[in-house]
Amino acid sequence: MNKITILWVDDEIDLLKPHILFLESKGYKVITSQSGQDAIEEIKEAFFDIVFLDENMPGLSGLETLTEIKKYDGSIPVVMITKSEEEYIMDEAIGSKIADYLIKPVNPNQILLSLKKSLDNSRLVSEKTTANYQQEFRKIAMDLSMVNTCEEWVELYKKLIYWELELEQIEDSGMFEILESQKVEANSQFGKFVDKNYKTWFHDGDAPVMSHTLFKSKIQPELEGNKTLLVVIDNLRYDQWLAFEKTLSVHFKKKQECAYFSILPTATQYARNALFSGLMPSEMEKRYPDWWKNDTDEGGKNLFESEFLGEQLKRLGLNLNWEYHKISNLKQGKQLAQNFRSQKDNDLTVVVYNFVDMLSHSKTEMEVVKELASNDKAYRSLTLSWFKNSPLLEIIQQAQELGMKLILTTDHGTINVKQPSKVIGDRETSLNLRYKTGRSLTYQDKDVLATKNPQEIHLPNINLSSSYIFAKNDLFFAYPNNYNYYVSYYRNTYQHGGVSLEEMVVPFVVLDPK
């Protein structure tokens with residue numbers, strides 16, 4: 001293995017001989033240079049793992065040398081060393097993306113620590129992360145055998161996401177595979193938990209916050225005296241929220257973050273209509289038959305969200321000045337961003353943003369998107385890239401400038417489906433891959449949560465013998481006809497409608513402007 005090579009640049013390099021001997025005793029190779037100009041020539045001639053650079057030198061100053069080094073090779077880590085504690089020098093150096101900043105006199109151990117931070121950081125983090133997860137693995141396994149409440153499931157799911165985000169930063173595929181197996185086991189146990197308890201949540205005082213109770217229990221208390229922007233990003237998973245949380249933290253400080261449970265089916269026409277109406281689907285169908293559409297009905301299923309919200313606000317006695325906007329494409333997003341300041345007098349501005357939903361659906365249609373979002377890590381990365389460059393971020397920045405509170409949530413999540421499960425139904429059977437409703441459904445019992453009486457879980461009876469089935473784990477429904485083509489086409493795509501932690505346990509976040 002080649003020695004790590006250091007270029008140390010200082011016009012008084014002879015005084016640093018003890019430091020250099022110390023580093024050489026630790027196995028490092030040190031090349032010295034007494035001026036900025038010489039250092040630049042050295043870098044052009046040979047490869048260096050890191051540069052120690054004195055700030056106060058005759059000729060080219062340290063900051064000027066730093067600029068030239070970064071122009072030539074922006075990837076070389078540079079540690080600035082200076083006698084000066086003047087803030088502007090620190091600002092200039094940090095702004096030039098230095099690896100570290102040391103103030104003279106420095107001792108050998110400071111130098112060694114800086115080297116490890118700059119060069120061994122990823123290896124040390126990897127080793128520590130792996131060791132910590134190995135310890136946590138046993139605790140998660142024990143928790144999985146004992147978890148028995150909604151609150152415990154939320155905490156366990158958050159813990160799994162935390163370790164997923166930690167482990168994806170390191171090069172240890174073995175650990176990541178172990179975590180993946182824990183996620184599969186967690187979804188298996190969660191499916192059993194929902195199967196056993198879901199019906200009770202509609203008449204149980206300990207029920208979790210769900211789609212139809214979210215507005216009253218979580219959003220309404222935040223509206224008093226605050227001009228508020230409510231953003232509902234369709235199909236947003238908890239891990240995707242965490243992926244772009246840092247981007248938002250520049251403009252907003254987090255006041256509250258929690259999870260709520262999407263109703264079944266975890267599909268837009270059910271969950272988002274429930275969020276805006278404050279009603280379960282069977283009640284929507286009964287009270288507002290002109291606004292509710294069943295799976296078998298023609299036409300759009302979410303065309304009356306604004307009307308549903310208006311009715312809910314009336315029931316709650318909220319006399320607000322409010323507006324509703326649905327963004328389904330880039331042009332609509334840009335238009336709202338350009339005109340957003342017109343919302344400044346609203347008590348409540350609601351923005352439904354459909355991008356993540358379009359992304360997950362388009363993945364089944366577009367080979368390019370399949371490549372870009374081939375797994376959860378890539379899916380998160382793609383979401384973050386979109387968010388950073390989207391009109392939605394512009395809208396949120398303007399909301400912050402107007403002093404508006406931000407509430408960010410979703411209607412349901414989505415899961416990467418991997419295993420097919422055969423189902424047979426008639427022509428009237430719904431088309432969704434993660435849930436089916438229809439007559440005389442034939443399916444594999446172990447793969448589904450089934451209800452033969454939809455009214456028990458407050459879903460519409462499309463006809464007298466209607467039933468619903470919801471896929472568990474990472475399964476997707478496939479018909480026997482043309483089975484192999486169907487399976488290869490939809491395997492490893494993102495779908496929703498069924499029972500999984502990813503689909504049901506979704507984020508609700510309240511943020512105050514900075």
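The values are calculated or read from the model by the stated rules, or taken from the named source; none is laboratory data. Small disclaimer: the values here were computed from a predicted structure and weren't measured. Neighbour counts are summed over all protein chains in view; Cβ atoms, including those assigned to glycine, are modelled from backbone coordinates with ideal geometry.
From THR213, THR268, THR200, THR228, grab the single residue that is among the hydroxyl-bearing types (Ser, Thr, Tyr) and under 24 Å from GLU394 (Cβ atoms).
THR228
For residues that are touching a helix residue (DSSP H, G or I) at 6+ places or on another chain (Cβ under 9 Å) and assigned to a loop (DSSP other than H, G, I, E, B), scanning just the range 472-487, find the one that is farthest from LYS446 (Cα to Cα).
TYR479
Checking the conditions here, which among THR247, THR266 is surrounded by 18 or more Cβ atoms within 10 Å (Cβ to Cβ), more than 19 Å from SER217 (Cα to Cα), touching a residue at least 60 places away in the same chain (Cβ under 8 Å) and β-branched (Val, Ile, Thr)?
Exactly one of THR247, THR266 is surrounded by 18 or more Cβ atoms within 10 Å (Cβ to Cβ), more than 19 Å from SER217 (Cα to Cα), touching a residue at least 60 places away in the same chain (Cβ under 8 Å) and β-branched (Val, Ile, Thr), namely THR266.
Quick one: in the range 2-19, which of the residues that are in a strand (DSSP E or B) and among the aliphatic types (A, V, I, L, M) is surrounded by the most Cβ atoms within 10 Å (Cβ to Cβ)?
Looking at residues that are in a strand (DSSP E or B) and among the aliphatic types (A, V, I, L, M), I get VAL9.
Suppose we filter the range 202-226 for residues that are crowded, with 20+ Cβ neighbours inside 10 Å and over 23 Å from LEU501 (Cα atoms); how many remain?
1
Take the range 488-506 and flag every residue that is in contact with a Lys or Arg (Cβ under 8 Å, 6 or more places away or on another chain), surrounded by fewer than 24 Cβ atoms within 10 Å (Cβ to Cβ) and either assigned by TED's automatic domain parsing to the domain that holds GLN400 or not in a loop (DSSP other than H, G, I, E, B) (or both).
Of everything in the range 488-506, just one residue is in contact with a Lys or Arg (Cβ under 8 Å, 6 or more places away or on another chain), surrounded by fewer than 24 Cβ atoms within 10 Å (Cβ to Cβ) and either assigned by TED's automatic domain parsing to the domain that holds GLN400 or not in a loop (DSSP other than H, G, I, E, B) (or both), namely THR493.
Restricting to the range 311-337, name every residue that is in a helix (DSSP H, G or I), modelled with pLDDT of 95 or more and within 16 Å of LEU229 (Cα to Cα).
LEU313, LEU336, ALA337
If I filter the range 144-160 down to residues being more than 16 Å from TYR260 (Cα to Cα) and buried (at least 17 other Cβ atoms within 10 Å of the Cβ), which single residue comes out as farthest from the chain's Cα centre (by Cα)?
Taking the candidates together, the pick is VAL147.
At pLDDT 90 or above, touching a Phe, Trp or Tyr at 6+ places or on another chain (Cβ under 6 Å) and closer than 16 Å to ASP11 by Cβ, is that true of THR65?
Criteria not met by THR65.
Mind checking whether some residue in the range 481-501 is within 21 Å of THR410 (Cα to Cα), within 30 Å of the chain's Cα centre (by Cα) and of a type in the set (A, V, I, L, M, F, W, C)?
yes
Can you tell me which residue within the range 1-22, out of those that are touching a strand residue (DSSP E or B) at 6+ places or on another chain (Cβ under 8 Å) and farther than 26 Å from PRO58 by Cα, is modelled with the highest pLDDT?
Applying the filter and picking the extreme gives ILE4.
For LYS286, indicate whether it is closer than 16 Å to LYS326 by Cα and either touching a helix residue (DSSP H, G or I) at 6+ places or on another chain (Cβ under 6 Å) or in a helix (DSSP H, G or I) (or both).
When the stated conditions are applied, LYS286 does not pass them.
List the number of the failed condition for ILE31; all other conditions in (1) out of contact with any strand residue (DSSP E or B) (no Cβ under 7 Å at 6 or more places or on another chain); (2) aliphatic (A, V, I, L, M); (3) in a strand (DSSP E or B) hold.
For ILE31, the failing item is (1).
Report the residue count in the range 183-198 for those that are in contact with a Lys or Arg (Cβ under 9 Å, 6 or more places away or on another chain) and of a type in the set (Phe, Trp, Tyr).
Residues in the range 183-198 being in contact with a Lys or Arg (Cβ under 9 Å, 6 or more places away or on another chain) and of a type in the set (Phe, Trp, Tyr): 1 in total.
Please determine whether any residue of the range 173-184 is in contact with an Asp or Glu (Cβ under 9 Å, 6 or more places away or on another chain), among the β-branched types (Val, Ile, Thr) and in the same structural domain as THR410 (by TED's automatic domain parsing).
Checked against the condition, which is being in contact with an Asp or Glu (Cβ under 9 Å, 6 or more places away or on another chain), among the β-branched types (Val, Ile, Thr) and in the same structural domain as THR410 (by TED's automatic domain parsing), the range 173-184 yields no hits at all.
Within the range 444-475, take every residue that is farther than 20 Å from THR296 by Cα and not charged (D, E, K, R) and give me the one that is surrounded by the fewest Cβ atoms within 10 Å (Cβ to Cβ).
Among those that are farther than 20 Å from THR296 by Cα and not charged (D, E, K, R), it is GLN444.
For ASP234, state whether it is among the acidic types (Asp, Glu), within 30 Å of LEU431 (Cα to Cα) and surrounded by fewer than 24 Cβ atoms within 10 Å (Cβ to Cβ).
Judged against the criteria, ASP234 is not a match.
Which residues, counting only those in the range 370-412, are part of a loop (DSSP other than H, G, I, E, B) and in contact with a His (Cβ under 8 Å, 6 or more places away or on another chain)?
Matches in the range 370-412: HIS412 only.
Is it the case that some residue within the range 116-138 is in contact with a strand residue (DSSP E or B) (Cβ under 8 Å, 6 or more places away or on another chain) and of a type in the set (A, V, I, L, M, F, W, C)?
yes
Hey, any hits in the range 35-58 for a residue that's among the basic types (Lys, Arg), under 19 Å from ILE111 (Cβ atoms), over 40 Å from the mean Cα position of the chain (by Cα) and surrounded by fewer than 16 Cβ atoms within 10 Å (Cβ to Cβ)?
No, the range 35-58 has no match at all.
Please verify whether the range 146-169 includes one or more residues that are in contact with a Ser or Thr (Cβ under 9 Å, 6 or more places away or on another chain) and either closer than 30 Å to VAL51 by Cβ or touching a residue at least 40 places away in the same chain (Cβ under 8 Å) (or both).
The answer is yes, given that some residue of the range 146-169 is in contact with a Ser or Thr (Cβ under 9 Å, 6 or more places away or on another chain) and either closer than 30 Å to VAL51 by Cβ or touching a residue at least 40 places away in the same chain (Cβ under 8 Å) (or both).
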